[in-house]
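A quick write-up on the structure given underneath.
No value in this document is a laboratory result; all are computed from the given coordinates. Predicted model, so just to flag it, every value in this text is computed and none were measured. Cβ placement follows ideal geometry from the backbone for every residue including glycine, while neighbour counts extend to all protein chains displayed.
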Amino acid sequence: MIRVEPISATAFAPFGRVFAMAGSDMPDVGIVRTDGPGWSDAYTHDPLLSTNASLGMTRSGGTPFEVKQMERHPNTEEALFCAEAPIVLVVASAGSEVRPDADALRAFSIPPGTVAVMKPGTWHDACRGLYGPTTYYWMATVGTGTEWQDVTGGPIPVVAEPAP
């Protein structure tokens, strides 16, 4: 069983980068903030992805759930961000493994206003809502050799602490 942990730049570093667009206790690395009368915004200093990308939207269930299969995109980064509520991203490191290994899985919660950008080849499942069904957005270059594989040692249950 995997318990969901809050995402942080340090914890997520083996899998990619994190941008706290809404502000948080995470460092503001790579973020430009501006404001004016009645508004504020934030944007990434550099392009979010290293390739041209499509924008997608997925509707999914919530925790608890099981990870049976994972996908990876060897030729593109993928960015994930919430539309409504926190999401859960389950990942395993990119590498030469033919399949993701259950012992290497980690689950991160991504709150609204935070963007996670996975390195090319990072194994991941479809995200789920932390507290129930939700919608989230993703950006990636599509049609670049995405593959789905069974998790060795799976399926693996993923659980979150009860909603506050």
Karplus 3J(HN,Hα) series, Hz, for segment 37-44 with 6.51 cos²θ - 1.76 cosθ + 1.60 (x for Gly, Pro): x, x, 8, 8, 8, 8, 8, 6
log10 of Debye I(q)/I(0), alpha-carbon scatterers only, for the chain at 0.08, 0.18 Å⁻¹: -0.22, -1.15
For segment 1-92, the spread of Cα positions along each principal axis, largest first, Å: 48, 29, 27
Label-point separation in nm, residue 69 to residue 96, each point 7 Å along Cα→Cβ: 2.6
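What size of dipole, in debye to the nearest 20, comes out for segment 34-159 about its Cα centre when the only charges are +1 on Lys and Arg C-beta atoms and -1 on Asp and Glu C-beta atoms?
On the way: 7 positive and 14 negative charges, 39 e Å.
In total the dipole reaches around 180 debye.
Want the number for residue 44 to residue 60: 0.36 nm per residue separation, take away the alpha-carbon distance, what's left?
Values: separation 16, 0.36 × 16 = 5.76 nm, distance 2.69 nm.
Between residue 44 and residue 60, full extension yields 3.1 nm more.
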Of 55, 89, 130, the one that fluctuates the most in a GNM where the chain has Cα springs shorter than 10 Å: 55
Charge context of residue 141, other residues only, Cβ under 12 angstrom, K/R +1, D/E -1: -2
Net charge over other residues, Cβ less than 15 angstrom from the Cβ of residue 2 (K, R count +1; D, E count -1): -2
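Working from the pairwise distances between different alpha carbons, so that the mean of 1/r is found and then inverted, what is segment 98-164's Kirkwood radius in Å?
Numbers: mean 1/r = 0.0703 Å⁻¹.
Its Kirkwood hydrodynamic radius stands at 14.2 Å.
Cβ under 12 Å from residue 51's Cβ, residue 51 left aside: what net charge do those residues give with Lys, Arg +1 and Asp, Glu -1? Mind showing how you got there, number by number?
Numbers: positive: none; negative: 77, 78.
Around residue 51, the surrounding residues sum to -2.
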Order of 127, 82 under a 10 Å beta carbon neighbour criterion, fewest first: 82, 127
Most mobile of 81, 108, 65 in a GNM of the chain (Cα contacts under 10 Å): 65
Label-point gap, in nm, between residue 11 and residue 51 - each point 7 angstrom along Cα→Cβ: 2.9
Estimated vicinal HN-Hα couplings, Hz - segment 86-99 in sequence order (Karplus 6.51, -1.76, 1.60; Gly, Pro = x): x, 10, 10, 10, 9, 9, 9, 4, 5, x, 8, 4, 6, 9
